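Enquirer: Just passing along the structure, written as structure tokens.
The values are calculated or read from the model by the stated rules, or taken from the named source; none is laboratory data. Every value quoted in this text rests on a predicted model; they were computed, and no experiment measured them. In this analysis, Cβ positions are derived from the backbone assuming ideal geometry, glycine residues included, and neighbour counts consider all displayed protein chains. The area values use the complete protein model at the heavy-atom level, side chains included, leaving out ligands, DNA and RNA. Shrake-Rupley method; radii C 1.70, N 1.55, O 1.52, S 1.80 Å.
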Amino acid sequence: MLTERRRTLALRTCVLAGRLLIENGSNMERVNDTIERMAKAAGLRQFQDFTTLTGLVLGSDNLPNAQVANIRRRQNNLSKVAAVNEVSREFTAGLLQLPEAYAQLRSIDRQKAGHWQNQFEALAAAILSAVLMVVFTGDIVDWWLAFIAGGLSYAVFSFIVRKFKIQYLGEFCASIVIGLIACEGVKLGVATNADDIIIGGVMPLVPGIPLTNAARDLVSGNLISAPTRGIEALLTAVAIGSAIVLVLRFE
């Protein structure tokens with residue numbers, strides 16, 4: 001029989017793990033599986049969970065003292081997802097005690113991206129843009145401008161998201177940067193095909209993770225989260241597309 005204090009700590013640990021997974025881009029099936037395994041390992045009986053993209057509610061033992069978490073921000077940080085999964089595996093295997101698992105999850109929650117990490121992500125986006133432009137279009141002449149467009153636009157995207165906390169505004173502004181670089185490069189004669197550069201530059205902004213998670217949530221029966229993720233991906237596509245159209249219209 002669990003004491004009230006341990007049951008509360010177990011619920012808080014499961015809530016924190018679930019919130020971290022949702023906030024950082026995990027699909028709902030993984031979220032439910034992780035918190036249910038942790039609840040079982042913690043000794044919670046008759047465990048019930050209700051999870052959505054904007055919040056989760058967990059309870060056990062048919063008691064009214066459920067734990068609730070409100071989720072206001074979401075991002076794609078798979079390193080945190082992997083870290084939470086590692087804590088979950090160690091806890092369910094008996095390698096971590098409940099207070100230690102909670103402390104490690106709190107530590108993961110406090111981790112913030114450093115300046116060097118933002119630069120690394122911009123460099124990775126630049127390389128991805130150049131490589132995918134060559135793969136998708138066969139254009140081996142303008143790769144260097146796609147490299148610049150992808151890296152600079154992703155740096156703009158990261159800055160706006162950190163500053164204003166609005167993902168779609170960041171994607172819109174980043175896409176404008178891509179369109180301007182591509183069009184001006186062709187005008188100045190340093191590039192040959194603006195379309196190819198735009199195709200490569202927008203690749204780091206394409207909502208691949210939300211689309212994949214929407215499909216997985218739909219297959220697994222999460223009929224609330226799946227359409228929500230699909231709408232998020234659609235809004236991202238609209239932000240990117242409208243920015244590119246705007247630039248091409250006035251250039």
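Enquirer: I need to check one value: relative contact order of the chain, counting alpha carbon pairs closer than 8 Å and at least 6 residues apart, in percent.
Expert: Normalised by residue count, the contact order of the chain is 17 percent.
Enquirer: Sticking with this one: Residues of the chain: accessible area per residue at 1.4 Å, in Å²?
Expert: For the chain, the per-residue accessible area is 53 Å².
Enquirer: How much of the pair distance distribution for the chain lies past 23 Å, counting alpha-carbon pairs only, in percent?
Expert: The proportion of pairs with Cα distances above 23 Å equals 57 percent.
Enquirer: What does the net charge come to around Arg7 if you take all other residues with beta carbon closer than 11 Å to its beta carbon, with K and R at +1 and D and E at -1?
Expert: Numbers: positive: Arg5, Arg6, Arg12, Arg45; negative: Glu4, Asp61.
Residues close to Arg7 contribute a combined charge of +2.
Enquirer: Moving to a separate point now. Please pull out the direction-averaged projected area of region 65-120, using the convex hull of its alpha-carbon atoms, in nm² to one decimal place. Kindly include the intermediate steps, with their values, before the conclusion.
Expert: Numbers: hull surface 21.5 nm².
Averaging across all directions leaves 5.4 nm² for the Cα convex hull.
Enquirer: Helix by helix, which DSSP H runs in the chain go 27 Å or more along their axis at the Cα atoms and have an average Kyte-Doolittle hydropathy of 1.0 or more? All intermediate terms of the calculation are to be shown ahead of the outcome.
Expert: Values: long enough: 4-23 (28 Å, 0.12); 115-137 (33 Å, 1.10); 143-164 (31 Å, 1.26); 167-187 (30 Å, 1.10); 225-250 (38 Å, 1.35).
Those that clear 27 Å and a mean of 1.0 are 115-137, 143-164, 167-187, 225-250.
Enquirer: Another question, then. Quick check: from the Cα gyration tensor, does region 4-110 come out rounded (a/c under 1.5), prolate or oblate?
Expert: oblate
Enquirer: Around Asp196, under 10 Å between beta carbons, what's the net of Lys plus Arg minus Asp minus Glu among the other residues?
Expert: Around Asp196, the charge tally is -3.
Enquirer: Average the reciprocal distances over every distinct pair of alpha-carbons in region 121-233, invert the result, and give the Kirkwood radius in Å.
Expert: 14.7
Enquirer: Going out from 0 in 10 Å bins, what whole percent of all Cα-Cα distances in region 109-149 drops into each bin?
Expert: All Cα pairs, binned at 10 Å, distribute as 30, 38, 20, 11, 2 percent.
Enquirer: Once neighbouring chains are kept in place and the probe is 1.4 Å, which whole percent of the accessible area of the chain is contributed by carbon and sulfur?
Expert: Carbon and sulfur: 62 percent of the exposed surface of the chain.
Enquirer: Lys pairs in the chain, Cα-Cα under 20 Å, at least 8 apart or on separate chains: how many?
Expert: Lysine pairs satisfying the spacing and distance rule in the chain number 4.
Enquirer: Using a/c under 1.5 as the rounded threshold, could you call region 171-251 rounded, prolate or oblate? The axes a ≥ b ≥ c are square roots of the C-alpha gyration tensor eigenvalues, and prolate needs a/b larger than b/c, oblate otherwise.
Expert: Prolate is the answer for region 171-251, as a/c is 1.5 or above and a/b outweighs b/c.
Enquirer: With a cap of 12 neighbouring Cβ atoms within 10 Å, and only residues DSSP puts in a loop, list the trypsin sites (Lys or Arg not before Pro) found in region 164-251.
Expert: Counting only loop positions with at most 12 other Cβ atoms within 10 Å, the trypsin sites (Lys or Arg not before Pro) in region 164-251 are Lys165.
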